[in-house]
Amino acid sequence: MKKENLVFLDTETTGAGPGDRLCQVAYKFEEKENEALFKPPVLIQIEAMAVSHITNKMVDDKEPFIDSEMQKELSDIFNRDNILVAHNAQFDAEMLAREGVVVNKMIDTLKIVQYLDKKGDLPKYNLQYLRYYFDLEVENATAHDALGDVRVLEKLFEHFFEEMLRDMKNEEKVLDKMLEVSALPVLIKKINFGKYKGRRVADIAKNDAGYLKWLLDEKIKAKNQNGENDEDWIYTLEYYLESI
């Protein structure tokens, strides 16, 4: 794989639930940017509007994504074994799949930053936080606009790519490692909710393993009841509980 195979992409959606759909897509491939709004088959939720600022009125006269020119272009791009690059890539890949675009390979910059943050020093991992944490110079990048996020995404990817290249010395090996990391669950270092917010999971395992066992049971229960499949937390909790 080469960097020419990378497709930097972001979606804005009607929400984050199992029935939600995309309403905006932006991507960059082979140095060309493409972006458009689409009318989804379900209404945009207010919570989603508050993030993306895309309203139902704004998309009412737009075409559906399915059978659009962009859908055909992206289907062709990913049929040619190119690689999706996104922040929380599984989410974008799932949204594309609901619209008939199948992604087989992906690099998830959210998983890459967690992999590189060995000690769990970074307070947050969201895209815009990382943009300013790493002091990335990005022109014309409005937050939570799909095309703006794609521009930030590309700069963030380059930052991580150069960091890994210094150690690995070979571009193809870096891409292979990124694909490997993106395909596996992430080992979470710090908890970001509840009574132990901000604490390291390893420390909680030593001092209150019962809490982690309870949390693991809740995550597994949610998965078995067709709720959220939080594979990163399930993997993390099992890892630390086994190490006690």
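The values are calculated or read from the model by the stated rules, or taken from the named source; none is laboratory data. The structure presented is a predicted model; accordingly, all values stated were derived computationally and were not measured. Cβ: placed from backbone, ideal geometry, glycine included. Neighbour counts: every protein chain shown.
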- Of residues in region 61-102 being more than 24 Å from Pro18 (Cβ to Cβ) and surrounded by fewer than 13 Cβ atoms within 10 Å (Cβ to Cβ), the one farthest from the chain's Cα centre (by Cα): Asp61
- Task: Would you confirm whether any residue within region 97-112 is at pLDDT 95 or above and out of contact with any helix residue (DSSP H, G or I) (no Cβ under 9 Å at 6 or more places or on another chain)?
- Result: yes
- Would you be able to say whether some residue in region 103-111 is among the aliphatic types (A, V, I, L, M) and surrounded by fewer than 19 Cβ atoms within 10 Å (Cβ to Cβ)? no
- Task: Could you tell me which of the residues Leu165, Leu153 is in a helix (DSSP H, G or I), touching a helix residue (DSSP H, G or I) at 6+ places or on another chain (Cβ under 7 Å) and without any contact (Cβ under 8 Å) to a residue 24 or more places away in the chain?
- Result: Leu165
- Message: Condition first: over 24 Å from the mean Cα position of the chain (by Cα), loosely packed, with under 15 Cβ neighbours inside 10 Å, not in a loop (DSSP other than H, G, I, E, B) and not β-branched (Val, Ile, Thr). Can you find one or more residues in region 222-236 that meet it?
- Response: no
- Residue pairs within 7 Å by beta carbon, gap of at least six or interchain, first lying in region 25-51 and over 16 Å from Ala146 (Cα atoms), second among the β-branched types (Val, Ile, Thr), listed first then second, are Val42/Thr14; Leu43/Thr14; Gln45/Thr14
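So that you can scan it fast, the table gives a plain yes or no per residue for (1) surrounded by 12 or more Cβ atoms within 10 Å (Cβ to Cβ); (2) not β-branched (Val, Ile, Thr):
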| residue | (1), (2) |
| --- | --- |
| Lys119 | no, yes |
| Tyr125 | yes, yes |
| Lys155 | yes, yes |
| Val174 | yes, no |
| Lys195 | no, yes |
- Count of region 220-238 residues which are in contact with a helix residue (DSSP H, G or I) (Cβ under 9 Å, 6 or more places away or on another chain) and either within 24 Å of Lys119 (Cα to Cα) or free of Cβ contacts under 8 Å to residues at least 12 places away in the same chain (or both): 12
- Residue within region 120-143 that is outside any loop (DSSP other than H, G, I, E, B), of a type in the set (Phe, Trp, Tyr), within 30 Å of Ala26 (Cα to Cα) and touching a residue at least 12 places away in the same chain (Cβ under 8 Å) present: no
- Query: Taking region 35-88 as the region of interest, how many residues are outside any loop (DSSP other than H, G, I, E, B) and hydroxyl-bearing (Ser, Thr, Tyr)?
  - Reply: 2
